Amino acid sequence: MNRKLVTLLMMSMLLILLLAACGSDEEASGSNDKDKDNSTEQEAEKDNSDKEKDDKAEEEKADEETEGAVAPQSSSEEISFRQVSWMMGSPDRRPNAGVWYYTANDHPSKYDDTFKWEKEDILLWQISNKEYQGYDADTELLVKMDNDVIKIVVGLEKDDDPSDKKMPRNFLKVDKGALEGKSFIIETVDGEELSLK
């Protein structure tokens, strides 16, 4: 019996040692797993930090590239028009500068059949600045300044014929009623104020 007891005791101790060894392996393995988890988390944090730095650098670069960007101005402040092209020669100039707004009910009779009065009105402007005598004019924009004032923006170019000393002017077609009751100012594309008087 003693022998059986000793064998049993020995096997118990061996089993205890074996279990203790397995437990320390699991702890070591668990510790390694924790170390791996920690290092993985640290690597992920580093990757995120690097990514954030890259994103920030790209954002700064994009900001530098778009630094001079300007928001568009509203086109609702502009009035659409078409310049009149005269096929058989344009009418004589007015004796003085000014702005004339022709409608179906108020226009010279010589224009009765020239325009589609049921759809459009005609704006005629002519300046009096002597320094631009003999220049060709193109209307670039009609801009609403406020409810009652329209700014006419024009481009002026010296005429090829130096003997032509006519004052610049333009006839413009606008939608019916678009300029009814408005007052006008005129300037060049460079902002130089011109005279309509």
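The values are calculated or read from the model by the stated rules, or taken from the named source; none is laboratory data. Computed from a prediction, not measured in an experiment: that's the story for all the values here. Note that each Cβ is placed from the backbone with ideal geometry, even for glycine, and that neighbours are counted across all protein chains shown. Remember, those area values only see protein heavy atoms, side chains included, never the ligands or the DNA or RNA. Shrake-Rupley method; radii C 1.70, N 1.55, O 1.52, S 1.80 Å.
Couple of notes before you dig in:
- Neighbourhood net charge (15 Å Cβ-Cβ; Lys/Arg +1, Asp/Glu -1) for D136: -3
- Proximal charge balance of V149 [Cβ under 15 Å; K/R count +1, D/E count -1]: -4
- Each of M167, V143, L156 was scored by the projection of its Cα onto the charge dipole of region 141-184, and the greatest displacement toward the positive side belongs to V143; charges sit on the C-beta of Lys, Arg, Asp and Glu.
- Taking Lys and Arg as +1 and Asp and Glu as -1, the other residues whose beta-carbon sits under 10 Å from that of D159 total -2.
- Loop GluC sites (Glu not before Pro), region 122-187, which have at most 12 other Cβ atoms in a 10 Å radius of their Cβ (DSSP): E180
- Here each label is just a point 7 Å from Cα along the line to Cβ, and for K176 and T7 those points are 12.2 nm apart.
- Average accessible surface for region 131-197: 59 Å² per residue, computed with a 1.4 Å probe over protein heavy atoms with every protein chain in place.
- Note on region 111-179: with neighbouring protein chains present and a 1.4 Å probe, carbon and sulfur make up 41 percent of its accessible heavy-atom surface.
- Three-way shape label, region 97-152, alpha-carbon gyration tensor, a/c 1.5: oblate
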